[in-house]
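The values are calculated or read from the model by the stated rules, or taken from the named source; none is laboratory data. All values reported here derive from a predicted model rather than from experimental measurement. In this analysis, Cβ positions are derived from the backbone assuming ideal geometry, glycine residues included, and neighbour counts consider all displayed protein chains. When the accessible area is computed, the model is the full protein with side chains, heavy atoms only, and any ligands, DNA or RNA have been set aside. Shrake-Rupley method; radii C 1.70, N 1.55, O 1.52, S 1.80 Å.
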Amino acid sequence: MMGHLFGLGWIFLLIAAANIEAQKKSSRNVSTKCLGNIMRVNVGPLGGSLLDVAVIINNTATVLTQSIATQCGFSMKSDSFGNALIYVSLQNCFAQNVEDEMFTTALQLRLHGNQFVEDELYQVAETCRYDIWASREVICDYNYIEVSVHRAAPDEFPLHGHTFSNSNSQRAAEKMPMDAGFRATTVVFFAREGEKPMSLADAQKHGYGIGNTPTRLVLRSPVMAPETFLQIVAGVPMRVLKTSTIFEKKWLATQVDAAAACPVQEGSVFFTQNTITWYLPRQIDPMISSGQFNLLEVHFGINGQRLGAVEMQAREYSVALNDFYIVTELPIGGVGGYYKSHIQDDLYYVSYMIEPMLELLWTEDATYEQTRYKVFFHIATHLLPQPLELIDNTVPQDKMFKMTLGHFAVDVVLINITFPAEVLSTSDCSVRGFNILEHMSPNSSMKFFTLQVPFTDPAVLQQTREGVTVYSLHLTFGLMLLDDHVTFSHKAYLEAAVKDIVPPSVSGGCDNNNFYILVKYGTQGYNFQTMVGKRLMTPSLAQHYEYMENGTHFSFVVPFSAPDVAIEAIESSSIRGRLDVVLSNAEMNSQIQEFSVACHFPSTLTECFPNGTMTALALKMESVPSLNPRKLTLEDSSCGPVHSDDRYAFFVFTVNSCGTTRKFMSNAMLYENKISLPDVLLMEKGLKSEEPEYRLKVSCVYDINTSHAVAFNTRPRRSEPYAENSKGQLQVVMRLAL
């Protein structure tokens, strides 16, 4: 849960990815929150940038180094979402303090060092109100120990001839504040080897932070300062700080004692396969001078934020008290923590990180003083083996390799992928058409990567044998640990065999009367359906179209006059018809092949009879789909068809009726008529449709004056006719014509 401090400036480094795409600069949402006697600043994900933190005081920015951060009450951490968090003690060295009730801290945040975005500069300031001070307040963080005590005025003693001892002279919270004339001059550290007095200046040079407020003394020590010592308290090792600060005024002096003890992980935390158990002594002896100890409050939280009982239960956290310990149990991998990655001997490990907070309030009945004790306890599990697993999710029919690689902690990024002939960054892979995505596991704080590579990519090898094509892919994932900049890799090999699939196909032709269609099945087991025109080939339709089948194909015959044939054009001696045949995959709802064949079929639409009768056939054409042939008439709208349906209309009329016109030619007579919709219907249709007008001209030509030569020949009779004389009747019928 702790961050890392580097270099001269206080820098927190998180690299989102080594190949972060160029992106537009956007304003980040830096938020602050007051949490009791600390303030938390959420900078958000750093996205590959470095973070410099400076404190602004009197319009001057002071960059926080690691030593200044420890000395002045600042710590840097991250949460399970990768956000950079800055924790600030309200009594830090730079806070503007108003009567120990209002505390204001101003920070300048500079994000830089990311080649993909511009540098960002932010200033944040927060004023926190805190006026419920206990007599003593202790903060235990990963880098410092802070103790703040009420600076009361005990009995004064002569400056000369005094020997110092840890007499706990400052004990009554209700005492009057110390006279402002007293100033701190010396700090006495009670180390294991004895007393070590230091001047105030020397103590600050050794990294200690010492501050006086109107009513309090604040002393801050690095966790591993030489003057601190390890003490076993109820079987739990704790780092102890004990001091006595001397205040002088002319010939008088007084002392203020301050003691704190903070737990360390070794010896206080125990792990099982799924659970973390943390033991904190219920009574911390180095901080208690009376046997009359009374624990008033216990609060639990994560990342400085208190949690209620309902949320603790939802996260499976538990805090229990017994006579000796406050026992905290946390699930490994639970909400609020995160995994950190490690590489050892080219193997991938993780450790689980979480920072629970315990906040205690107790009193000692003998002195009526209260102590508020807050510990931010960083816990890291032992290294847990995390074998990487590549799952092949390839479906050969999709013609694409699909794989999942995981699981990783959030501090791992995918840098590149190495193929046999080239190395591609993740951005290059995206440009190439590979689909690379990062996913968070739904039930943990781990993540995994997915990759899709089409079979058609040059990186994929192909080998065909016995009707099967084998696709293979060799690749190596290049990965990096963000915090440590350690790179590692994972090799993978995928293979997919695809049976060569020959889709069904359709072909066809026609003669003077019919369309002939042939459909080949293709690969056995390929399911498809056939559409003829706009109708599905059903068993009844197949029987109507002379359907025939064998093991490799089927065929059928469609007359040009069938309803599934589309009429494209009508010419003087032929009709142009088209038949559409579509093969489609019903399961995939996709089209396999669309086939169309168009032919001219010889046809006489108009017939002329010697007795002056004309017949005409009008067919519905594809260009006028809304035409109703039953509504067609001749020039005289009273002359309608003698037979009609939704595809044709058949007319019979004489040349001297129905508005037929005649025209004399040199040796012939031309009779003409027109088939169309009546004018009334044409006007109605014109308002509703943009289809072309249907007009069909019919005509007959009769010869006026022509000669026909008749040829004949003779042959001799074999015998002369013989007739007997007799009486009878001979009936003669004569038919005369003009």
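Structure values in brief
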| item | result |
| --- | --- |
| Test result for Met683, without any contact (Cβ under 8 Å) to a residue 24 or more places away in the chain and not small (Gly, Ala, Ser) | yes |
| Matching residues, region 493-505, being in contact (Cβ under 8 Å) with a residue 40 or more places away in the chain and either outside any strand (DSSP E or B) or over 19 Å from Glu594 (Cβ atoms) (or both) | Leu494, Ala496, Ala497, Val498, Pro503, Pro504 |
| Among the residues listed as Arg695, Arg662, Arg717, the single one being closer than 30 Å to Ser623 by Cα and either of a type outside the set (D, E, K, R) or open to solvent by 100 Å² or more (accessible area, probe 1.4 Å) (or both) | Arg695 |
| Hey, Val223 open to solvent by less than 10 Å² (accessible area, probe 1.4 Å) and not small (Gly, Ala, Ser) or not | no |
| Residues located in region 550-566, provided they are over 17 Å from Arg578 (Cα atoms) and modelled with pLDDT of 90 or more | His553, Phe554, Ser555 |
| Near pairs, Cβ below 6 angstrom, 6+ apart or cross-chain, from region 506-528 (at pLDDT below 90) to any residue that is in a loop (DSSP other than H, G, I, E, B) and of a type in the set (Lys, Arg) | none |
| Condition broken by Leu295, with the remaining ones in (1) of a type outside the set (S, T, N, Q); (2) assigned to a loop (DSSP other than H, G, I, E, B); (3) more than 20 Å from Ser78 (Cβ to Cβ) satisfied | (2) |
| In region 466-488, the residues that are open to solvent by 50 Å² or more (accessible area, probe 1.4 Å) and either farther than 12 Å from Ile343 by Cβ or in contact with a helix residue (DSSP H, G or I) (Cβ under 9 Å, 6 or more places away or on another chain) (or both) | Glu466, His474 |
| Residues being at pLDDT 90 or above and surrounded by 14 or more Cβ atoms within 10 Å (Cβ to Cβ) - total across region 361-382 | 15 |
| Selected residue (criterion: farthest from the chain's Cα centre (by Cα)) from residues of region 654-668 that are under 18 Å from Thr615 (Cβ atoms) and in contact (Cβ under 8 Å) with a residue 12 or more places away in the chain | Asn656 |
| Selection status of Ser596, open to solvent by 40 Å² or more (accessible area, probe 1.4 Å) and either touching a helix residue (DSSP H, G or I) at 6+ places or on another chain (Cβ under 8 Å) or farther than 30 Å from Ser505 by Cα (or both) | no |
| Qualifying residues in region 516-530 (those that are open to solvent by 50 Å² or more (accessible area, probe 1.4 Å) and under 27 Å from Pro625 (Cα atoms)) - the one nearest to the chain's Cα centre (by Cα) | Gln529 |
| Region 634-653, residues that are under 16 Å from Asn673 (Cα atoms) and either in contact (Cβ under 8 Å) with a residue 40 or more places away in the chain or in contact with a Pro (Cβ under 9 Å, 6 or more places away or on another chain) (or both) | Leu634, Ser637, Pro641, Ala649, Phe650, Phe651, Val652, Phe653 |
| Test: residue in region 262-270 that is in contact with a helix residue (DSSP H, G or I) (Cβ under 6 Å, 6 or more places away or on another chain), closer than 30 Å to Thr186 by Cβ and open to solvent by less than 60 Å² (accessible area, probe 1.4 Å) | no |
| Among (1) more than 20 Å from Gln71 (Cβ to Cβ); (2) not in a strand (DSSP E or B) - the single one Pro226 does not satisfy | (1) |
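Residue by residue, here is whether (1) at pLDDT below 95; (2) part of a strand (DSSP E or B); (3) of a type in the set (S, T, N, Q) holds:
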| position | (1), (2), (3) |
| --- | --- |
| Val88 | no, yes, no |
| Cys93 | yes, no, no |
| Asp100 | yes, no, no |
| Leu111 | yes, yes, no |
| Gln115 | yes, no, yes |
| Glu118 | yes, no, no |
| Leu121 | yes, yes, no |
